[in-house]
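These notes are about the structure you will find just below.
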Amino acid sequence: MVLGTIIIVAILITVILSIISSQSRITQHQVSRIQAYYAAQAGMNYALEMLRTGLWTFNPPFNSCQDPFGQVINDSDFPNSIGSFDGSNDRQFRVIFCPENSTCAGNPCNPPTGIDFCVDIAVEYIS
């Protein structure tokens with residue numbers, strides 16, 4: 001009877017620890033995803049500011065992306081869950097300029113009236 005009780009308690013402890021471990025991994029994944037989302041938002045604000053101040057310009061060849069890999073920006077202030085596009089240990093986001101009515105980085109470019117390009121931001125996150 002005592003041995004049976006010990007086995008049941010051991011099984012319950014194993015199940016509880018497995019659930020806790022699983023929830024921890026899911027939570028870490030969600031945190032990484034949220035950090036990448038806000039890093040992309042910061043990248044979009046950075047790109048818009050660079051365009052507004054004239055430090056970046058958009059002069060692509062007809063009907064193609066200016067640079068299929070985009071402008072890669074390193075930022076050491078990004079959290080460690082943000083990865084790199086070039087295999088380095090840098091934390092990066094990528095800014096891609098796309099001409100009107102084209103598809104760049106898998107996204108169609110349909111800018112508002114008066115604008116002839118789109119800006120696409122990409123961030124890799126490490127879960």
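The values are calculated or read from the model by the stated rules, or taken from the named source; none is laboratory data. This structure is a prediction, so every number in the text was calculated from the model and none was measured. A quick note on method: Cβ atoms are made from the backbone with ideal geometry, for glycine too, and the neighbour counts reach across all protein chains shown.
For (1) surrounded by 13 or more Cβ atoms within 10 Å (Cβ to Cβ); (2) at pLDDT below 80; (3) in contact with a His (Cβ under 8 Å, 6 or more places away or on another chain), each residue gets a yes or a no:
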| residue | (1), (2), (3) |
| --- | --- |
| His29 | yes, no, no |
| Tyr38 | yes, no, no |
| Trp56 | yes, yes, no |
| Asn63 | no, yes, no |
| Val72 | yes, yes, no |
| Phe78 | yes, yes, no |
| Ser88 | no, yes, no |
| Arg91 | yes, yes, no |
| Cys118 | yes, no, no |
Subject >> Within the stretch 99-116, considering residues that are assigned to a loop (DSSP other than H, G, I, E, B) and among the hydroxyl-bearing types (Ser, Thr, Tyr), the one surrounded by the fewest Cβ atoms within 10 Å (Cβ to Cβ) >> reply: Thr113
Original post:
Does any residue in the stretch 87-98 that is more than 15 Å from Ala40 (Cα to Cα) come within less than 8 Å, Cβ to Cβ, of a residue that is at pLDDT 75 or above and part of a loop (DSSP other than H, G, I, E, B) six or more places away or on a different chain, and which pairs are these?
Top reply: Cys98/Cys109
